[in-house]
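One structure below.
We did not get these values from a lab; they are worked out from the coordinates using the rules stated. These figures come from a predicted structure and were not determined experimentally.
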Amino acid sequence: MKRSLTLVLILLSWYWYVSSQPIIFSPTLRVDVWVDKGCGEVYFMGEDVIIYFRANNDTTLT
């Protein structure tokens, strides 16, 4: 019985330690995307489109 109680106390103290760790929030990712023509412009068949993007953190574009 004493052994079981010791085990329970150890597990509870471990749980308390793990659950009390602060949560680290990383800044939110912000990505801006735009094209070479202005907003509301029309693209026609065969016309080239250039897409630009910018992010506030290091990212990988796939």
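Details
- Only one of (1) 57; (2) 69; (3) 33 was calculated from the structure for percent of Cα pairs over 17 Å apart, and its label is (2).
- J(HN,Hα) series, the range 39-48, from Karplus relation 6.51 cos²θ - 1.76 cosθ + 1.60, nearest Hz, glycine and proline x: 5, x, 6, 10, 9, 9, 3, x, 7, 6
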